1. From the list Ile412, Ile419, Ile346, pick out the single residue that is touching a residue at least 40 places away in the same chain (Cβ under 8 Å) and surrounded by fewer than 23 Cβ atoms within 10 Å (Cβ to Cβ).
2. Does Leu397 meet the test of being closer than 13 Å to Asn301 by Cα and either surrounded by 18 or more Cβ atoms within 10 Å (Cβ to Cβ) or of a type in the set (Gly, Ala, Ser) (or both)?
3. Return the pairs, sorted by first residue and then second, in which the second residue is among the polar types (S, T, N, Q) and not in a helix (DSSP H, G or I), the first residue lies in the range 298-311 and is over 16 Å from Pro357 (Cβ atoms), the beta carbons are less than 8 Å apart, and the residues are 6+ apart or on different chains.
4. I'd like to know if the range 27-42 contains one or more residues that are surrounded by fewer than 17 Cβ atoms within 10 Å (Cβ to Cβ) and of a type in the set (Ser, Thr, Tyr).
5. Could you list all residues from the range 43-70 that are touching a helix residue (DSSP H, G or I) at 6+ places or on another chain (Cβ under 8 Å) and over 22 Å from Gln332 (Cα atoms)?
6. When you scan the range 13-23, do you find a residue that is of a type outside the set (Asp, Glu), part of a helix (DSSP H, G or I) and under 24 Å from Leu109 (Cα atoms), even just one?
7. Give, as residue ranges, the helices (runs of 4 or more DSSP H) completely inside the range 31-138 that count at least 2 residues that are in contact with a Phe, Trp or Tyr (Cβ under 6 Å, 6 or more places away or on another chain) and either basic (Lys, Arg) or touching a residue at least 12 places away in the same chain (Cβ under 8 Å) (or both).
8. Taking the condition under 30 Å from Ile71 (Cβ atoms), outside any loop (DSSP other than H, G, I, E, B) and in contact (Cβ under 8 Å) with a residue 12 or more places away in the chain, does Pro361 pass?
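The values are calculated or read from the model by the stated rules, or taken from the named source; none is laboratory data. Note that the structure is predicted; figures quoted are calculated from it, not measured. Every residue, glycine among them, receives a Cβ derived from its backbone with ideal geometry; neighbour counts consider all protein chains shown.
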Amino acid sequence: MTITQKILSKHCGRKEVYPNEYIECSVDLILANDITGPLAIEEFEKVGAKKVFNPGKIVLVPDHFTPCKDIKSAELVKKLREFAKKYKVRFYEIGKVGIEHVLLPEEGLILPGELIIGADSHTCTYGALGCFSTGVGSTDAAYAMITGKLWFKVPETIKFHYYGKMKEYVGGKDLILYTIGLIGVDGANYKSMEFSGEVIENLPIDDRFTMCNMVIEAGGKNGIIKPDEITDNYLKEIGIRIKIDEDLKTDEENDYEKIIEIDVSNIDPQVSAPHLPSNSKSVKEYIGIKIDQSVIGSCTNGRISDLRKAAKILKGKKIHPEVRCIIIPATQKVYMQALKEGLIEIFIESGCVISPPTCGPCLGGHMGVLGKGEIAIATTNRNFIGRMGHSESYVYLSNPEVAAASAIKGEITHPEEVI
């Protein structure tokens, strides 16, 4: 079996499961946020449920419109808060909250071999730690809150094998943008995207999170990477010492749905043009496009390593006078670490504004919404029509270095042009 099949088989109590069959599995963790959580709670209450299956396995994270931007968003968070208090489930309030898909691993709530569901499409992020994680609807989340179980169709697996030497300023964001551009936004519909090869084996954990985060942009059911020494070191850093199951790997004789080989040696920093993540090409193809805003953050690229990359570009330089540059540390811990390392000072001196941890502008929520005709470059994961504001605004996706360099020049540019 593949690593995904092995996790699913364990959670449905069978020795083997096969692609495309339907199974019911026990879940290890259920996530919902301030958009999807209230809907799940409504369904929970509609059926007359009186208790959750396990309070310790439910996490509510208000991160999309928080700090609450208006009365409606405040009411949504209030609904989460009251439910959490009533049923004693995990709830992250302002001051402790962060962007959910960075916060949960940081809090030690995600472990290799687990089955995680979240009422948010980018729940697939956690596959970077060698677990099966996927996004579900609010009704499914409500059902799981009550029963601790959920149905799945076992996905076929596409193996992506990366080899070669990466160029400077190329990281996990560029690998996944290139991959999505290669197979298309529906190239992995309901498939498990398994990342492997010498490049992945040496890829830092933050880059792995970034890659798994965006598998949904190719239609993937989940992204997954075999847990290894890098995984183990990350877990130790956050205070978790466990023995990783050596069987958490795909069997050598497995028949993948297909295997795609990717030589990274020729991959430049990538930029995805509006209005699809699959519109990815070398940054060189988009040089000179003027921008109004640069956003560095999100569940895709708001970790400390991303802020370090941006600060390295911005240090001693100024943001273009016609550009707004917004930096969003993904969690309080990331924010504090950036402060300790002097990154916040670099950002402020260069003319950036620092936002509290929030999804904010990524979904056109707040803290950086675009007006008609405005153009942004962002380290976020989606650039659909109206994603960051007005339906006639435009979003280009990139890595942190490209976003920082572009903020300095006032137009999309390669980082080497400002160093």
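1. Result: Ile419 is the single residue among Ile412, Ile419, Ile346 that is touching a residue at least 40 places away in the same chain (Cβ under 8 Å) and surrounded by fewer than 23 Cβ atoms within 10 Å (Cβ to Cβ).
2. yes
3. Lys309/Asn399
4. So far as the range 27-42 goes, no, none of its residues is surrounded by fewer than 17 Cβ atoms within 10 Å (Cβ to Cβ) and of a type in the set (Ser, Thr, Tyr).
5. Matches in the range 43-70: Glu43, Phe44, Val47, Ala49, Lys51, Val52, Phe53, Pro55.
6. For the range 13-23, residues of a type outside the set (Asp, Glu), part of a helix (DSSP H, G or I) and under 24 Å from Leu109 (Cα atoms): absent.
7. Where helices (runs of 4 or more DSSP H) fall fully within the range 31-138 and carry at least 2 residues being in contact with a Phe, Trp or Tyr (Cβ under 6 Å, 6 or more places away or on another chain) and either basic (Lys, Arg) or touching a residue at least 12 places away in the same chain (Cβ under 8 Å) (or both), they are 71-87.
8. So Pro361 fits the description; yes.
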